[in-house]
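Here, each number is a calculation from the coordinates, and none is a lab measurement. Remember, predicted model here, so these are calculated numbers, not experimental data. Reconstructed Cβ throughout: ideal geometry from the backbone, glycine too, with neighbour counts over all protein chains shown.
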Amino acid sequence: MDKDTEYIALQGLIISNTFVSFISCFFNILNIIIHLFYIKRKSYVFELGIYFSIAELLYSIAQVISFFRIFSPGFEIEPKSALCFIQSSLIDYANFSSMIWLSYMTYSVYVLLTKNDKSFMNKGRTKFLLIGFVTPIIFTIM
């Protein structure tokens with residue numbers, strides 16, 4: 001495969017990925033807005049869903065960056081730019097943060113359904129916010 005054919009194929013993939021990422025950004029932002037402004041009764045499970053949406057929004061934004069990378073002047077398939085570094089760091093951070101929030105949501109549902117224990121919801125909220133949003137920074141830097 002020559003370089004021009006590879007470039008055209010890569011453009012098509014990135015454009016389709018960017019389109020899906022824009023849709024994901026829209027629905028994540030809509031989810032956050034609806035939760036913050038329109039839901040009267042704030043639920044613990046919905047709050048965890050918002051944290052997960054924030055992490056997924058960051059991932060979608062990182063995917064949109066590739067659209068700007070491929071259409072920038074002097075684009076090469078080999079990743080060398082600072083924008084590539086920012087994108088990869090943001091993808092790593094968002095993936096790890098999403099994994100943490102999804103795991104915590106699963107654990108919360110497990111505790112609520114099997115043990116019927118609602119006391120854990122208010123105990124470690126600050127701790128879980130730190131774990132969900134700060135711990136991925138540490139692992140991304142590593």
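Remarks
- FRET E, pair PHE139, VAL20, Förster distance 25 Å, beta-carbon r, rounded to 0.05: 0.45
- Fluctuation leader among PHE120, PHE26, PHE68 - the chain, Gaussian network, Cα springs under 10 angstrom: PHE120
- Shown here: the chain, whose C-alpha atoms stretch 61, 35, 24 Å along the first, second and third principal axes, sorted largest to smallest.
- A simple rule links phi to the HN-Hα coupling: the Karplus curve 6.51 cos²θ - 1.76 cosθ + 1.60 with θ = phi - 60°, which for the range 31-37 gives 4, 5, 5, 4, 5, 6, 10 Hz, with x for Gly and Pro.
- Pairs of lysine residues in the chain - Cα separation under 18 Å, sequence separation of 8 or more or cross-chain: 5
- Ellipticity estimate at 222 nm from DSSP helix runs (n ≥ 4, -39,500 (n - 2.57)) divided over the chain, nearest 500: -25500 deg cm²/dmol
- A Cβ-based charge dipole, computed about the Cα centre of the chain with Lys and Arg at +1 and Asp and Glu at -1, lands at about 1040 debye.
- Normalised contact order of the range 9-142, rounded percent, pairs of Cα under 8 Å and 6 or more residues apart: 27 percent
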